[in-house]
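The values are calculated or read from the model by the stated rules, or taken from the named source; none is laboratory data. Since the structure is predicted, the reported quantities are computational estimates derived from the model, not experimental observations. Neighbour counts run over all protein chains shown; Cβ positions are idealised from the backbone, glycine included. Note: areas computed on protein heavy atoms with side chains; ligands, DNA, RNA excluded. Shrake-Rupley method; radii C 1.70, N 1.55, O 1.52, S 1.80 Å.
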Amino acid sequence: MAVGDNVAAIRERIARAGGDPDAITIVGAKPPSVDACHEAIAAGVVDLGENRAQELLTKAPLVDGARWHFIGRLQTNKVRSLAAHVSLWESVDRSQVVAELGRRAPGAAVLVQVNISDEPQKGGCAVAATEGLVDEARAAGLLVRGLMGIGPDGPPEGARPGFSVLARLADELHLEVRSMGMSNDLEVAVQEGATMVRVGTGLFGPRPSQHLRPD
């Protein structure tokens, strides 16, 4: 299927899960090529996400009309080179990242990433540390738009408790954006209040090899 057909299918999945496809932002995660970026934008998906700095730095200058999200574990030494291209930093999960963004990208829009699965291999601050990190980011001059979380590996339903926690935290902190849900578990995320979903495989198709967990 073409990317445009996949976008339509994702919007249909959102609607079937009880969400409003026009109100939930689809982020095209890890587009495999510049052509795939152009196809996504032509189909109305202008928010594109990369989890590797070099991939974003390679594609961004060649793609007009995209809003780039950084969605991977962020190394502080990459912030300076990425700052000119990133519209939303989705993986702010520790004080060092907050401080570097405050220096290199003052006023940047960010999401605080919360580890809602209790899996040490996944990024994110502890649930109990979320409010403190949000306050720290605001004090550094960053625009905290919301929270981001990644569900656990396994059946989609296993992500529900963590997504529920993320939505509750966002409500308590008066934050608008809940970036949660990927190709496998987006229905559960929508049912729990996602306002943004990050879809890779469901949008661009499977990659020949995926070094990280499927998205």
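Taken together, Pro106, Pro61, Pro120, Pro152 contain a single residue that is buried (at least 16 other Cβ atoms within 10 Å of the Cβ) and over 12 Å from the mean Cα position of the chain (by Cα), which is Pro152.
Counting only residues that are free of Cβ contacts under 8 Å to residues at least 40 places away in the same chain and open to solvent by less than 10 Å² (accessible area, probe 1.4 Å), region 27-50 holds 3 of them. Within region 25-42, being of a type in the set (A, V, I, L, M, F, W, C) and in contact with a Leu (Cβ under 9 Å, 6 or more places away or on another chain) holds for Ile26, Val27, Ala29, Val34, Ala36, Cys37, Ala40, Ile41.
Candidates are the residues of region 137-147 that are in contact with a strand residue (DSSP E or B) (Cβ under 9 Å, 6 or more places away or on another chain) and either in a helix (DSSP H, G or I) or in contact (Cβ under 8 Å) with a residue 60 or more places away in the chain (or both); the one that is surrounded by the most Cβ atoms within 10 Å (Cβ to Cβ) is Ala137. Somewhere in region 180-201, is a residue at pLDDT below 95, of a type outside the set (Ser, Thr, Tyr) and at positive phi? No - not one qualifying residue is present in region 180-201. Screening Ala53 on (1) over 14 Å from the mean Cα position of the chain (by Cα); (2) surrounded by 19 or more Cβ atoms within 10 Å (Cβ to Cβ); (3) over 30 Å from Ala99 (Cβ atoms) shows it passes everything except condition (3). So for region 106-128 (the condition being in a loop (DSSP other than H, G, I, E, B), farther than 21 Å from His174 by Cβ, touching a residue at least 40 places away in the same chain (Cβ under 8 Å) and of a type outside the set (Asp, Glu)), does at least one residue qualify? Yes; the residues of region 106-128 include at least one that is in a loop (DSSP other than H, G, I, E, B), farther than 21 Å from His174 by Cβ, touching a residue at least 40 places away in the same chain (Cβ under 8 Å) and of a type outside the set (Asp, Glu).
Annotation for region 157-173: no member residue is in contact with a Lys or Arg (Cβ under 8 Å, 6 or more places away or on another chain), in a loop (DSSP other than H, G, I, E, B) and modelled with pLDDT of 95 or more.
Of all residues in region 175-187, those being assigned to a helix (DSSP H, G or I) and either open to solvent by less than 10 Å² (accessible area, probe 1.4 Å) or over 16 Å from Arg16 (Cα atoms) (or both) number 1.
Only residues that are in contact with a helix residue (DSSP H, G or I) (Cβ under 9 Å, 6 or more places away or on another chain) and either loosely packed, with under 12 Cβ neighbours inside 10 Å or within 13 Å of Glu187 (Cα to Cα) (or both) were counted across region 1-14, and they come to 6.
In the set Val79, Val98, Val92, Val127, only one residue is closer than 23 Å to Ile24 by Cβ and either crowded, with 21+ Cβ neighbours inside 10 Å or at pLDDT 95 or above (or both); that residue is Val92.
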